[in-house]
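Here the structure is laid out as structure tokens; the discussion comes afterwards.
The values are calculated or read from the model by the stated rules, or taken from the named source; none is laboratory data. Fair warning: this is a prediction, and the values are worked out from it, not measured in the lab. As a convention, Cβ positions derive from the backbone with ideal geometry for all residues, glycine included, and neighbour counts pool all protein chains shown. To get the accessible areas, we keep the full protein, side chains included, count just its heavy atoms, and leave off ligands, DNA and RNA. Shrake-Rupley method; radii C 1.70, N 1.55, O 1.52, S 1.80 Å.
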Amino acid sequence: PHFGEVPDDAKIVDAGSGTGLIAEAVAREYRGATVYALDTSHELSERASEDQALTELVYGDAAEQVFPDDSIDIMYYSTSGHEIESFGGQGRMKQAVSVTFNELVPGGRIVIRDFVKPDGNEPIYMKINSNGGYDDPKDATNNGVLNYNLLSTKALLERFRLEFRGGTASCIK
């Protein structure tokens, strides 16, 4: 509903599409449109390719220009903005929005749907059902690059808490 009127031949990008489930739903809704599922995760793109039928998978970083200027009708970020900022570094989402404006056709639309962190007054409890992965990010770092795919769920939660500047978290095993 946030897209407004969508031309039949629209080009739509799901920026940070992950497994592409939302992109597929958008492609079903707007059959005449070309829907691109854009993500930087090879693992998620592989999972998306298993289920992808109506979208075109594109490997790339939303904070870097992937599509030509004035070529996209709608670019949407569905709960991916916090990931871009968190994992890409401070200011990365601002850079992604700037690039998006270059890629959009005149009159094109950008839709950002995301969430905010809890206010920090109450603890957040999470039961972790898996012990897989490294708890220490140093163990998942090679040549100065952190591989988030190697981190445990506990370590990912802690990174999320730290990167969102001081939230509180408790883990129950």
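Select from segment 28-43 the residues that are out of contact with any Gly (no Cβ under 9 Å at 6 or more places or on another chain) and of a type in the set (Gly, Ala, Ser) and write down the one among them that is nearest to THR79 (Cα to Cα). Looking at the filtered set, the residue picked out is ALA33.
Exactly one residue out of ARG92, ARG161, ARG109, ARG165 is modelled with pLDDT under 90 and in contact with a Gly (Cβ under 8 Å, 6 or more places away or on another chain): that is ARG161. Checked against (1) modelled with pLDDT under 90; (2) not in a loop (DSSP other than H, G, I, E, B), ASN131 passes all but condition (2). Using the structure shown, decide if VAL66 is more than 22 Å from VAL145 (Cβ to Cβ), at pLDDT 90 or above and open to solvent by 10 Å² or more (accessible area, probe 1.4 Å). So VAL66 does not fit the description; no. Taken over segment 2-17, the criterion of being closer than 15 Å to ILE112 by Cβ and over 21 Å from the mean Cα position of the chain (by Cα) is satisfied by GLY4 alone.
Criterion first (charged (D, E, K, R) and at pLDDT 90 or above) does GLU122 satisfy it? Spelling it out, it is not the case that GLU122 is charged (D, E, K, R) and at pLDDT 90 or above.
In segment 73-86, the residue that is modelled with the highest pLDDT out of those that are of a type outside the set (A, V, I, L, M) and either open to solvent by 30 Å² or more (accessible area, probe 1.4 Å) or assigned to a helix (DSSP H, G or I) (or both) is ASP73. The residue list GLY89, GLY107, GLY16 contains one member that is under 19 Å from TYR148 (Cβ atoms), open to solvent by 20 Å² or more (accessible area, probe 1.4 Å) and without any contact (Cβ under 8 Å) to a residue 12 or more places away in the chain, which is GLY89.
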